[in-house]
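Asks: Can you keep this structure in mind? I'll have questions shortly.
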Amino acid sequence: MKMSNKFSSIFGFLALASGSIWFGAYIARLLTTYQMFEPTEVVLKDYITNNNLPAIIQTTFPLVNLTFFTYLVLILSFSLYLISTHLKLKQNGWLLIISMIIYLTLPFEAVLLMIDYKLIVLFINEQFASVEVLQLIIDRITLLSSFPIILLLSYLSIPFFLVVKPFTLILKDEN
């Protein structure tokens, strides 16, 4: 029992830490990526030329890596937390809601992670000036257009559920 609590605490901490890092990097990545394009359409802004585009794309490389790997750690550690914890989803509605947020957004984020994986491969090969990199960035923006906003709003509610812990059933002992 004690070992189970230690494991669940470790996995809970890893899920919380990686989720926080991923969320911050995700916001930073969205802000830097969307600043490259015109507000109404997916056309590069006037100040972005072929000369400075590789440098601009190269600055997003750490954010792409960070969001990719911390999201994978988040999913793995949260899943292991759910397996190792003694908390039941039926009695802890807050944990059920957090689980639903994480696992319902997972398939959509997995589609975006496949694009990120292609970007990482191109970045490792140092092809920052590639037309393919720009096309992958545009594909990531247009594929699930409003999903990042929905994802951000959903994940912003998780701290509320962690702190307030609503929908918790308190079982009465009938002795």
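Asks: How compact and how long is segment 56-175, expressed as Rg and Dmax of its alpha-carbon atoms in Å?
Replies: Over segment 56-175's Cα set, Rg and Dmax evaluate to 18.7, 72 Å.
Asks: Keeping all protein chains in place, calculate the accessible area per residue for segment 62-175 (probe 1.4 angstrom), answer in Å².
Replies: Numbers: 6810 Å² over 114 residues.
Using a 1.4 Å probe on heavy atoms only, each residue of segment 62-175 averages 60 Å².
Asks: If you keep only loop residues by DSSP, which trypsin sites (Lys or Arg not before Pro) in segment 1-56 have at most 12 other Cβ atoms within 10 Å of their Cβ? Don't skip to the answer; put the middle values down first.
Replies: Values: sites: Lys2, Lys6, Arg29, Lys45; in loops: Lys45.
For trypsin sites (Lys or Arg not before Pro) across segment 1-56 that sit outside H, G, I, E and B with at most 12 neighbouring Cβ atoms in 10 Å, the list reads Lys45.
Asks: A further question on this structure: Check each of the GluC sites (Glu not before Pro) in segment 102-144 and keep only those in coil by DSSP with at most 10 other C-beta atoms within 10 angstrom; list them in order. Display every interim value, and only then the final one.
Replies: Values: sites: Glu109, Glu126, Glu132; in loops: Glu126.
Counting only loop positions with at most 10 other Cβ atoms within 10 Å, none of the GluC sites (Glu not before Pro) in segment 102-144 qualifies.
Asks: Tally Lys/Arg at +1 and Asp/Glu at -1 over every other residue whose Cβ is under 12 Å from the Cβ of Leu63; what's the total? Kindly include the intermediate steps, with their values, before the conclusion.
Replies: On the way: positive: Arg29; negative: Asp116.
That sum, taken over residues with Cβ under 12 Å, equals 0.
Asks: Another question, if that's okay. At 0.36 nm per residue, minus the direct Cα-Cα distance, what do Leu143 and Val163 gain on full extension? Give it in nm, one decimal, please.
Replies: Details: separation 20, 0.36 × 20 = 7.20 nm, distance 3.40 nm.
The Leu143-Val163 span can extend by a further 3.8 nm.
Asks: So what is the 222 nm mean residue ellipticity for the chain from helices alone, if each DSSP H run of at least 4 adds -39500 (n - 2.57) and you divide by all residues, rounding to the nearest 500 deg cm²/dmol? All intermediate terms of the calculation are to be shown ahead of the outcome.
Replies: Numbers: 6 runs with 127 residues, N = 175.
When only DSSP H runs of four or more count, the value is -25000 deg cm²/dmol.
Asks: Calculate the dipole size of the chain relative to its Cα centre from +1 charges on Lys and Arg beta carbons and -1 charges on Asp and Glu beta carbons; express the result in debye to the nearest 20.
Replies: The dipole magnitude comes to about 780 debye.
Asks: Calculate, for Glu126 and Ile83, the FRET efficiency according to 1/(1 + (r/R0)^6) with r their C-beta to C-beta distance and R0 35 Å; round to the nearest 0.05. Show your work: numbers first, answer last.
Replies: Details: r = 40 Å, r/R0 = 1.14.
Efficiency, rounded to the nearest 0.05: 0.30.
Asks: In the chain, if the dipole is taken from +1 on Lys/Arg beta carbons and -1 on Asp/Glu beta carbons about the Cα centre, which of Leu122, Thr60, Tyr26 is farthest to the positive end?
Replies: Tyr26
Asks: Just to confirm my numbers, what's the Cα centroid distance between segment 13-77 and segment 110-175 in Å?
Replies: Using only Cα atoms, the two centres lie 11 Å from each other.
Asks: Here is a further query. Relative to the present Cα-Cα distance, how much length would full extension add between Ala17 and Met100 at 0.36 nm per residue of separation?
Replies: Working: separation 83, 0.36 × 83 = 29.88 nm, distance 1.90 nm.
Roughly 28.0 nm would be gained on extension.
Asks: To continue, here is another question. Anyone know which of Ile57, Ile149, Ile115 comes out most mobile in the 10 Å Cα GNM of the chain?
Replies: Ile149
Asks: Starting from segment 74-126, pick out the trypsin sites (Lys or Arg not before Pro) whose DSSP state is loop and whose Cβ has at most 13 other Cβ atoms within 10 Å. Provide the component values of the computation, followed by the final result.
Replies: Details: sites: Lys88, Lys90, Lys118; in loops: Lys88, Lys90.
In loop regions of segment 74-126 (DSSP not H, G, I, E or B), the sparsely surrounded trypsin sites (Lys or Arg not before Pro) are Lys88, Lys90.
The values are calculated or read from the model by the stated rules, or taken from the named source; none is laboratory data. As the structure is a prediction and not an experimental result, all values here were calculated from the model. Methodologically, a virtual Cβ is constructed for each residue, glycine included, from the backbone with ideal geometry; neighbour enumeration extends over all protein chains shown. Accessible surface is based on the protein model in full, side chains and every heavy atom, while ligands, DNA and RNA are left aside. Shrake-Rupley method; radii C 1.70, N 1.55, O 1.52, S 1.80 Å.
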